[in-house]
Amino acid sequence: MAHSESIEVSDLFIIGGGINGCGIARDAAGRGLSVTLAEMNDLASATSSASTKLFHGGLRYLEYFEFRLVREALIEREVLLKAMPHISWPMRFVLPYHKDMRFESDTPTSKLLNTVMPWMKGRRPAWLIRLGLFMYDNLGGREVLPGTKTVDLRSGPEGLPLEDRFEKAYEYSDCWVEDSRLVVLNARDAEARGARILVGTQVLSAESEDGIWRIETRDTETGQTQTHYARMLVNGGGPWVGDIIQTKVRVNSREGVRLVRGSHIVTKRLFDHDKCYFLQGTDGRIIFAIPYETDFTLIGTTDAEHSDPSVKPTCTPEERDYLLSFANQYFKQDLTQDDVVWTYSGVRPLYDDGASSATAATRDYTLKVDTSTGAPMLNIFGGKITTYRRLAESALEHIAEHLPNVSGPWTAGVALPGGDFPVDGVSNLTAQLKTDYPFLSDYWAGRLIRAYGTEAQAVLGDAKSAEDLGRDFGATLTEAEVNWLMAKEYARHAEDIVWRRNKLGLRLSEEQIADLETWMAEQRKA
């Protein structure tokens, strides 16, 4: 292929606009690489918006002896908190203890204990939980987050919603994160540093010609096709990573992913405090019950095999009932399917290491460079939202082996858009916003700061009243905010906004969402 001067060749072409793709795009653009990223749907439209929304070390991964992963995640929590205090914040987790708690039978820890202490019959002894929490407190060098303590459930507010048989609990720290906002903010920061972010752009094929990738894409709305060139391909397709290797690039590869579905249910609020519950089941699995969007409780997650990435994951009635009965073993209030206001489900693309069960498959990430076609392609398997920034740094180490002059790591501690304020600064920022815009309610001001941080004022502009913000779509969503999300945050459809840029879908009627979709379609035409 004769390269004329007119052909523009990017350093990197990234397939996939989830957390790994956008995290790598941001890191690479900040090191001076030219980057193009293509996402076939909306940013974070698959796995990255369907997480349990936690920046956590992964307490239960200690039972799999995944010490490297846990340590990296624990250290990373605080690095991330400081860079995005608007969309991430510390949470205290309450782990009620009962002597009948069990291990999963196929963890390395349970196998060891069953050999050494067969009389325990798979039960989790209290000393083991304390040991795990001691490691959790000390593996990652905490600065911001408080350590573990014991809680008396008979006297504290944490015990009120629980059945009376739970008398004591352990309480430890982890962090909450708005997962889909995290992805969008990484994409915006990447673009601010020179990357091209293409949403609604499907990759049709990628072929290597004379050591350069030639990538064909199609706009999913207009059908228009385009050709791109790049020195290196990054496959951040998440659940589709294997599909991209086999059908888009057509490389024979033994690497595979194991798709594991995690489903969640959302109910009306089950308790009045702001702590989260870490609940252990009689089957050895664990679930979380987390305060969610002010008026709700999020319960999840399940672990089920999911065979086909093209089948949209949904929470099955069996998974819903499993989570309800799991929660009912703990809470006084008896939950039924009528209490469920929303469900969501995501597929974790775990590296297939031949593990026996979905729960046992490694949560660590695996990066592999393939040069068999003559041009390098980096395939990304697995990964957790907590370690996305470290995954991106590891990816850049691999990329630097194939591209010249890649500078060193820079993202640790660098704020994402709107995050340039202190970790404990949310209440001050919210108060200031209410002073500047007296027409905002407490809920409205709080929601804007939690979404946009220091950029909330840019969203509201010079409005003196709610009417100045244009059309009211309901639940504090206004025309001014929708315009901002379309212009700055790649939103094209109503669902992009009400289920990913925020969670106002929990408060808007189907009719209101349909009205928003119609209005946005007219804006896009105009």
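By a 1.4 Å probe calculation restricted to protein chains, ARG450 has an accessible surface near 70 Å², given to the nearest 10.
List, in the order given, every pair from LYS168/LYS503; LYS248/LYS503; LYS82/LYS384; LYS434/LYS464 whose Cα-Cα distance in the structure shown is over 23 Å.
LYS168/LYS503; LYS248/LYS503
Accessible-area rank, largest first, for THR148, THR435, THR518: THR435, THR518, THR148, with all protein chains present and a 1.4 angstrom probe. Once the chymotrypsin sites (Phe, Trp or Tyr not before Pro) in DSSP loops with at most 15 neighbouring Cβ atoms within 10 Å are cut out of the chain, the longest remaining piece is 66-409. Across all directions, the average projected area of the convex hull around the alpha carbons of the stretch 122-185 is 7.1 nm². Starting from one equal scatterer on each C-alpha and no solvent at all, send me the Debye-based log10 I(q)/I(0) for the stretch 211-281 at q = 0.14 Å⁻¹, two decimals. Here the Debye-derived log intensity ratios amount to -0.70.
Taking every alpha-carbon pair in the chain and binning the separations at 10 Å intervals from zero gives 4, 18, 28, 27, 16, 6, 1, 0 percent. DSSP finds beta bridges in the chain, and of those with both partners inside it, around 80 percent are antiparallel. Sorted largest first by accessible area at a 1.4 angstrom probe radius, with every protein chain in place, the residues THR371, THR316, THR222, THR36 fall in the order THR222, THR371, THR316, THR36. Under the criterion of Cα pairs below 8 Å and six or more residues apart, the relative contact order for the chain equals 20 percent.
An oblate overall shape is assigned to the stretch 391-526, the ratio a/c of its alpha-carbon gyration tensor axes (a ≥ b ≥ c) being 1.5 or greater and a/b not exceeding b/c.
Adding -39500 (n - 2.57) for every DSSP H run of four residues or longer, then dividing by how many residues the chain holds, sets the calculated 222 nm ellipticity at -8500 deg cm²/dmol. When the Cα gyration tensor is reduced to axis lengths a ≥ b ≥ c, the ratio a/c stays below 1.5 for the stretch 464-526, which is therefore classed as rounded. Rg of the Cα atoms in the stretch 181-226, relative to 2.2 N^0.38 Å, amounts to 1.41. Ordering ASP27, ASP11, ASP295 by accessible surface, largest first, gives ASP295, ASP11, ASP27; the 1.4 Å probe counts only protein heavy atoms, with every chain in place.
Which shape class, rounded, prolate or oblate, goes with the stretch 244-382 when its Cα gyration tensor gives a ≥ b ≥ c as root eigenvalues, a/c under 1.5 marks rounded, and past that a/b bigger than b/c marks prolate? Prolate is the answer for the stretch 244-382, as a/c is 1.5 or above and a/b outweighs b/c.
Under the definition of Cα pairs under 8 Å and six or more residues apart, what whole-number percent is the relative contact order of the stretch 387-517? Walk me through the numbers before you get to the answer.
On the way: 91 pairs, mean separation 20.2, N = 131.
Rounded, it is 15 percent for the stretch 387-517.
The values are calculated or read from the model by the stated rules, or taken from the named source; none is laboratory data. Because the structure is a prediction, the values reported are computed rather than measured. Glycine also receives a Cβ, built like all others from the backbone with ideal geometry; neighbour counts cover every protein chain displayed. In case anyone asks, the SASA skips ligands and DNA or RNA and just uses the protein heavy atoms, side chains included. Shrake-Rupley method; radii C 1.70, N 1.55, O 1.52, S 1.80 Å.
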